[in-house]
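Report on the structure given below.
The values are calculated or read from the model by the stated rules, or taken from the named source; none is laboratory data. Just so you know, these numbers come straight off a predicted model, no measurement behind them. Here the Cβ positions follow ideal geometry from the backbone for every residue, glycine too, while neighbour counts run over all protein chains shown. The area values use the complete protein model at the heavy-atom level, side chains included, leaving out ligands, DNA and RNA. Shrake-Rupley method; radii C 1.70, N 1.55, O 1.52, S 1.80 Å.
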Amino acid sequence: MSTLQLIACIGMIAGFFILLSLSPMEFTGSVFQRLTDKPKSLRDEINETTRRKKKSYLRRELDEVQAILKVTGRSARFPMLCAASLMCFTVGASVAVMLSNFFLVPVMAAGCLFLPFWWVKLTANHFKKDIAAELETALSIITTAYLRNEDILTAVEENVAYLNQPVLNIFRGFVSRIKLVNPDVSAALHDLKGQIDNAVFQEWCDALIACQTDRSLKTTLTPIVTKLSDMRVVNGELENMVFEPRKEFIIMQVLVVGNIPLLYFLNKDWYHTLMHTAMGQIILAICAAVIFISTAFVIKLTQPIEYRR
């Protein structure tokens, strides 16, 4: 009966979209824009700026995901990500309704809502690792050439053929700007600094800007580049340390979820108590909430370490 009601509800919602000539992308864009709006009162804005009042968890996640998409050059995908999030919200709530567990509905809906955002955060970690690895190579060879000829433009031109994406386009743009647009090297380095969200790279650009007025400061470049190697080693050790706890966490989640259908074959009375009584349904809702909350903490705590000045 619940399944038929759910199908009827989905059909009714689809009918409203057709009657109102409203596309799902427009609807999700309006919903998430409303959620990400800044506080209406000046007091709330001041409290958030001074961190006296924390933003809601949803707003913090949306702001972080938007920043990640901007850094990775995928800002245009944010509306699609919002649509996927709302779809997961609907699927999670629908699964709980089909199980006739109304205690589970808010838990599944809220938990599934964040799944696309967590996926973006996981992919961003791999992107940052690739950026750091490519930066380590690029800055090392460019710094070596600059120490030899004391001309950053020549140093970049000599080694641009050995660079890979996405660092390649950034340094190509740097060379083109100086040659074709504005020969001011300091201004070009200042713009170059803001194109990659990496503290070591930004410190390297600041040191190069200082070298344009005092060439003796070029000795500071090599220790800065060495920080990338140090961070790679630290992150490698961290990855080895968290591999086993992460694997155990995944195994425990699989065991918790897998025990539910297994219980059907072991003892049908226990399965009936778990699935069709109020106490059993509350226990399932609590287990689902623990799974989603612990997943959020695991993703947060296993992010790679970044150097901060």
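Considered as a group, the residues in segment 167-200 that are touching a residue at least 40 places away in the same chain (Cβ under 8 Å) and crowded, with 16+ Cβ neighbours inside 10 Å include one that is farthest from Leu228 (Cα to Cα), and that residue is Ile196. Just one of the listed residues (Thr137, Thr143) is buried (at least 20 other Cβ atoms within 10 Å of the Cβ), over 30 Å from Thr295 (Cα atoms) and of a type in the set (S, T, N, Q), and it is Thr143. One residue stands out in segment 120-175 among those that are under 30 Å from the mean Cα position of the chain (by Cα) and of a type in the set (S, T, N, Q): the one that is nearest to Ala188 (Cα to Cα), namely Asn169. In this structure, does Glu157 turn out to be acidic (Asp, Glu), within 30 Å of Val65 (Cα to Cα) and in a helix (DSSP H, G or I)? So Glu157 fails the test. Of the helices (runs of 4 or more DSSP H) lying entirely inside segment 197-309, those containing at least 3 residues that are more than 25 Å from Ile131 (Cβ to Cβ) and not β-branched (Val, Ile, Thr) are 221-266, 268-276, 278-301.
Screening segment 214-228 for residues that are surrounded by 12 or more Cβ atoms within 10 Å (Cβ to Cβ) and of a type outside the set (D, E, K, R) and picking the one that is nearest to Leu284 (Cα to Cα) gives Leu228.
Residues that are open to solvent by 20 Å² or more (accessible area, probe 1.4 Å) and modelled with pLDDT of 80 or more within segment 108-127 comprise Met108, Ala110, Leu113, Phe114, Leu115, Trp119, listed in sequence order.
Yes or no, residue by residue, for (1) small (Gly, Ala, Ser); (2) within 30 Å of Asp197 (Cα to Cα):
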residue: Glu248; (1), (2): no, no
residue: Ile251; (1), (2): no, no
residue: Leu274; (1), (2): no, no
residue: Ala278; (1), (2): yes, no
residue: Ile286; (1), (2): no, no
residue: Ser294; (1), (2): yes, yes
residue: Ile299; (1), (2): no, yes
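The combined condition, being modelled with pLDDT under 80, open to solvent by less than 20 Å² (accessible area, probe 1.4 Å) and within 19 Å of Cys211 (Cα to Cα), is fulfilled by Ile152.
Screening Arg215 with (1) touching a residue at least 60 places away in the same chain (Cβ under 8 Å); (2) over 14 Å from Leu147 (Cα atoms); (3) of a type outside the set (Val, Ile, Thr) gives one miss only, at (2). Every condition in (1) assigned to a helix (DSSP H, G or I); (2) open to solvent by 30 Å² or more (accessible area, probe 1.4 Å); (3) closer than 23 Å to Arg77 by Cβ is met by Val105 except one, and the failing one is (3). Quick one: would you say Val290 is at pLDDT 80 or above, under 23 Å from the mean Cα position of the chain (by Cα) and surrounded by 13 or more Cβ atoms within 10 Å (Cβ to Cβ)? Yes; evaluated as a whole, the condition is true for this residue.
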